[in-house]
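Peer 1: I have a structure here, written as structure tokens, and I will follow up with some questions on it.
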Amino acid sequence: MQWHLIFNISKTLLLARLRQSVIAAVGVTFGITMFITLVSFMTGLNKLLDGLILNRTPHIRLYNEIKPSENQPVNLSLDYADHINMIRSVKPKERPLEIYNSQAIMRSLKEDDRVLGVAPKITAQVFFNVGAIDLNGIINGIDVLVEDQLFYFGDYVTKGNLRDLQTVNNSIILGKGAAEKMLVDIGDVIQVTTARGERLSLKVVGIFQLGIADVDNVQSYASIQTTQKLLGESNNYITDIHIKLKNLDLAPAMAPEYKKLYGTDAIDLQTFNAQFETGTSIRNIITYAVSITLLIVAGFGIYNILNMMIYEKMDSIAILKATGFSGKDVKWIFISISLIIGISGGTFGLIFGYIFSSIINQIPFETAALPTVKTFPINFNVFYYLIGIVFALITTYVAGFFPAKKASQVDPVEIIRGK
Amino acid sequence: MEKLILETNKINKYFHDPVTNQVLKEVSFSMKQREFVSVVGKSGCGKSTLLYILSTMDTEYEGDLILDGVSMQGKSDEELSRVRNEKIGFVFQFHYLLPEFSVLQNVMMPGLKLAKHSAQEVESNAIDRLKSLGIDHLAAKRASQISGGEKQRVAIARALINNPLIIMGDEPTGNLDHKNSDIVFDIFHQLAEETGQSLLIVTHDHDFASRTDRIIEMDDGRIVNH
Ligand SMILES: Nc1ncnc2c1ncn2[C@@H]1O[C@H](COP(=O)(O)OP(=O)(O)O)[C@@H](O)[C@H]1O
Ligand SMILES: [Mg+2]
């Protein structure tokens, strides 16, 4: 194949029909622009929404759940092993929420190479005393530094400073909703009563907003030490261990492993939040469906112009064949025309896609639910630009292939005789 | 003895549309190198059909065609294209040029395809051909912007670019006025005499035919005299 010659012939034929060729290329440009813009925006949105859940959610959580024993004594007894044992009205056994030996478990977890980090946590049910009314609340005792590092908690503290939680004794960070209900602000002191009746005064050092009303109205954060003091527990007392993995996909397999190993309950993110993946995949499907539709339309544009060109160029095809060009040469001349349209249209598509997504990225998008987001999210990823150009090439190749095949089969005798 | 460059052995050709009709009947003849042959016969007797077969463009026939000692039977499209490119120069009745390209590019095209010489060499060859046909001043013009007589001379230059074994022409003057016909005929005679180019030209012009080395006369698909 003499690609240089074939390419030059294609170029000349293309330039002779410049206007139609440009229109066909604009079709491709439009399709690719839409694809890049849509996919960057949709995946940006996906990342944002996933982040909303993922940033603040452990991949695996170890805890003790209050529930009935799975193995009742009668089932363990060998005497009744071949009986069908029916027990009614089983009640949960009293079982402390504390994770035993939590320090050792955390040390062993940190040595597992699949684990990115481990954060201890205490959950305490409390009442916030506001005048004569008691509001329900939950205090999460956290290791401030680790919590920020693994779960970006600092990003959600909209007022005050997360670090003060560690440095100021008996301090608390309230959810925005709770703070508004109690009419308190940074520097104010609130009264807290635990489920067991102990009271403590806590100083508000910050206000956070996750954008999830259920959380912002009820949850609050204090340091581990403060929470232990509040509950009157020793400084080994921990109710939850939150684990972040290097690879999220391993979580469902690892949770049962830890459950067996450490004798606690373990739940993974995927089980805990089953709908999390659904939204993402639906948005992806929409993006690809729309883009492919647009490209198919563009492909028909190319198919049309090539068919028209071949119809007009019958004489030229006959001459080329009569003077020594083979059917294959002719086929590649027309496929090249199509590919030139595809590559130039696609390249402009990438450029415009980049421009459009950059513009969208500048549009202000402020919502109470998403305190860290100021503009529409865009995911700039070279990978999508690669997919875009590959899409353009495939569509134009397919659109060009059939007309080109037809051209390669033109019988020169028929054309020359037909005059 | 001069070697045979073209040989046919009992070529039969049928058309099946609308009814089966045998257009060529047992056509056998041969041509030596440096021969100038004309083909004459009534309209519809199968001259063009024969020429399309000889030029390898039409492959649906019975019998054998031997070009330069090689049978064309069972050759692929690719191989036949190569034969046309290298060994055959074709001049049509209608001046078939590529209208998007310049005169020079049209002449160069088969040479570039053959790729035996560099693009520069092909270009200088093409300019030489145009000069010898007296149309080098048209080199840069678009093929669609020149007159019919000029187009036919460009087509001849194109047919000559790869120094083909044989030039075939199907009534190459059929669409030209008297003056241009004479010019084209003169070119063919000149080629035959000066360069020893083998030529096989279908014509209606008896004057022209009588000045060739040999006349093949056809009637109703048969060669009746050669
Ligand atoms: N495609 C075709 N289908 C059917 N018959 C054809 C076709 N082409 C040519 N013919 C017939 O073949 C015969 C020879 O045609 P042609 O070779 O063009 O004659 P000439 O060139 O000698 O005038 C004519 O009778 C013509 O009608
Ligand atoms: Mg004819």
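Peer 1: From the C-alpha coordinates alone, can you work out the Kirkwood hydrodynamic radius of the range B:33-153, in Å?
Peer 2: 16.5
Peer 1: Defining a contact as two alpha carbons under 8 Å apart and six or more residues distant in sequence, what relative contact order in percent does chain A show? List each step's numbers first, then the result.
Peer 2: Working: 692 pairs, mean separation 115.2, N = 419.
The normalised contact order for chain A reaches 27 percent.
Peer 1: Can you tell me which of A:Ser102, A:Ser171, A:Ser69 moves the most in a GNM of chain A? Springs connect C-alpha atoms under 10 Å apart.
Peer 2: Judging by the Gaussian network model, the answer is A:Ser69.
Peer 1: Additional query: Distance check, please: which entries in A:Lys328/A:Lys405; A:Lys406/B:Lys75; A:Lys313/A:Lys405; A:Lys47/A:Lys110; A:Lys203/A:Lys229; A:Lys328/B:Lys47 exceed 18 angstrom between their Cα atoms?
Peer 2: Long pairs (Cα-Cα over 18 Å): A:Lys406/B:Lys75; A:Lys47/A:Lys110; A:Lys328/B:Lys47.
Peer 1: Please report the projected area of the range B:93-174's Cα convex hull averaged over all directions, in nm².
Peer 2: The number I arrive at for the range B:93-174 is 5.0 nm².
Peer 1: Okay, next question. What relative contact order, as a whole-number percentage, does the range B:4-225 give when Cα pairs under 8 Å and 6 or more residues apart are counted?
Peer 2: Numbers: 422 pairs, mean separation 67.3, N = 222.
Answer for the range B:4-225 is 30 percent.
Peer 1: Let me ask something else about it. Let me understand the range A:52-161 better: what is its radius of gyration from the alpha carbons, and its Dmax, in angstrom?
Peer 2: When restricted to Cα atoms, the range A:52-161 yields Rg and Dmax of 20.4, 64 Å.
Peer 1: What FRET efficiency comes out for the pair B:Asp220/B:Glu121, r = Cβ-Cβ distance, R0 = 56 Å, nearest 0.05?
Peer 2: 0.75
Peer 1: If amide hydrogens are placed 1.01 Å from N in the peptide plane, which non-local residues have theirs closer than 5 Å to the one on B:Ile223?
Peer 2: So B:Ile223 has HN proximity to B:Ser28.
Peer 1: Dipole of the range A:147-259 (Lys/Arg Cβ +1, Asp/Glu Cβ -1, origin at the Cα centre): which of A:Tyr221, A:Thr158, A:Ala253 lies farthest to the positive side?
Peer 2: Ranked along the dipole, the leading option is A:Tyr221.
Peer 1: If I build a Gaussian network model for chain A, linking alpha-carbon pairs within less than 10 angstrom, which residue out of A:Ile212, A:Ile282, A:Ile351 has the largest mean-square fluctuation?
Peer 2: Comparing A:Ile212, A:Ile282, A:Ile351 in the GNM, the peak value goes to A:Ile282.
Peer 1: Dipole of the range B:4-225 (Lys/Arg Cβ +1, Asp/Glu Cβ -1, origin at the Cα centre): which of B:Thr20, B:Gly196, B:Ser118 lies farthest to the positive side?
Peer 2: Among B:Thr20, B:Gly196, B:Ser118, the one farthest towards the positive end of the dipole of the range B:4-225 is B:Ser118.
Peer 1: Take the Cα atoms of the range A:146-275, build their convex hull, and give its volume per residue in Å³.
Peer 2: 137
Peer 1: So if I place +1 on the C-beta of Lys and Arg and -1 on the C-beta of Asp and Glu, and nothing else carries charge, what would the dipole magnitude of the protein assembly as shown be about its Cα centre? I want it in debye, nearest 20.
Peer 2: Using only the charged Cβ atoms, the result is roughly 740 debye.
Peer 1: Farthest toward the dipole's positive end in the range A:80-131, which of A:Leu116, A:Ile84, A:Gly131, given Cβ charges of +1 (Lys, Arg) and -1 (Asp, Glu) about the Cα centre?
Peer 2: Value: A:Gly131.
Peer 1: Using only alpha carbons, build the gyration tensor for the range B:4-225 and give me the equivalent ellipsoid semi-axes, biggest first, whole Å. It would help to have the intermediate numbers written out before the result.
Peer 2: Working: eigenvalues 161, 80, 54 Å².
Each semi-axis is the square root of five times an eigenvalue, giving 28, 20, 16 Å.
Peer 1: What's the longest piece of chain A with no exposed GluC sites (Glu not before Pro), counting a site as exposed if DSSP puts it in a loop and it has at most 13 other beta carbons within 10 Å?
Peer 2: With GluC sites (Glu not before Pro) excluded where exposed in loops, chain A gives A:199-365 as its longest stretch.
Peer 1: For B:Gly41, enumerate residues with amide H under 5 Å from its amide H, sequence gap 5+ or separate chain, H modeled in the peptide plane.
Peer 2: Counting only residues 5 or more places away or on other chains, the set is B:Met218.
Peer 1: Hey, another quick one. Tell me, what are the semi-axes, in whole angstrom and largest first, of the equivalent ellipsoid of the protein assembly as shown as set by the roots of 5 times the Cα gyration tensor eigenvalues?
Peer 2: With the √(5λ) rule applied to the protein assembly as shown, the semi-axes are 91, 28, 18 Å.
Peer 1: How big is the antiparallel share of DSSP beta bridges in the protein assembly as shown, given as a percent to the nearest 5?
Peer 2: Of the beta bridges lying entirely in the protein assembly as shown, close to 70 percent run antiparallel.
Peer 1: How about the range A:169-272: which trypsin sites (Lys or Arg not before Pro) there lie in a loop by DSSP and see at most 15 other Cβ atoms within 10 Å?
Peer 2: The qualifying sites are A:Arg196, A:Lys246.
Peer 1: Place a +1 charge on the Cβ of each Lys and Arg in the range B:4-225 and a -1 charge on the Cβ of each Asp and Glu, then give the dipole magnitude about the Cα centre in debye, rounded to the nearest 20. Could you put the intermediate results ahead of the total?
Peer 2: Working: 24 positive and 32 negative charges, 60 e Å.
It comes to approximately 280 debye.
Peer 1: Let me ask another. Taking the Cα centre of the range A:47-104 as origin, work out the dipole magnitude from +1 charges on Lys and Arg Cβ and -1 charges on Asp and Glu Cβ, in debye rounded to 20. Write down the numbers at each step before the final one.
Peer 2: Details: 8 positive and 7 negative charges, 70 e Å.
It comes to approximately 340 debye.
Peer 1: DSSP loop GluC sites (Glu not before Pro) in the range B:47-110 with at most 15 other Cβ atoms within 10 Å of their Cβ, which ones?
Peer 2: Sites meeting the loop and neighbour criteria: B:Glu60.
Peer 1: Pick from A:Pro252, A:Pro58, A:Pro73: which is most flexible by mean-square fluctuation in a GNM of chain A where alpha carbon atoms under 10 Å apart are linked?
Peer 2: Comparing A:Pro252, A:Pro58, A:Pro73 in the GNM, the peak value goes to A:Pro73.
Peer 1: Add +1 for every Lys or Arg and -1 for every Asp or Glu among the other residues with Cβ under 9 Å from the Cβ of B:Phe185, and state the total.
Peer 2: -3
Peer 1: Mind checking the full-extension length gain between A:Ser358 and A:Ile138? Use 0.36 nm per residue of separation minus the Cα-Cα distance, one decimal, nm. Mind showing how you got there, number by number?
Peer 2: Working: separation 220, 0.36 × 220 = 79.20 nm, distance 4.16 nm.
75.0 nm is the gain from fully extending A:Ser358 to A:Ile138.
Peer 1: If we count every other residue with Cβ under 13 angstrom of A:Asp214's Cβ, Lys/Arg +1 and Asp/Glu -1, where does the sum land? Mind dumping the intermediate values first?
Peer 2: Values: positive: A:Arg56, A:Lys176; negative: A:Asp216.
Around A:Asp214, the charge tally is +1.
Peer 1: Sum up the charges of everything whose Cβ sits under 10 Å from the Cβ of A:Thr239, counting Lys and Arg as +1 and Asp and Glu as -1, but leave A:Thr239 out.
Peer 2: That works out to -2.
Every number in this text was worked out from the coordinates using simple rules, so none of it is lab data. None of the values given here were measured: they were computed from a predicted structure. Please note: Cβ atoms are built from the backbone with ideal geometry, for glycine as well, and neighbour counts cover all protein chains shown.
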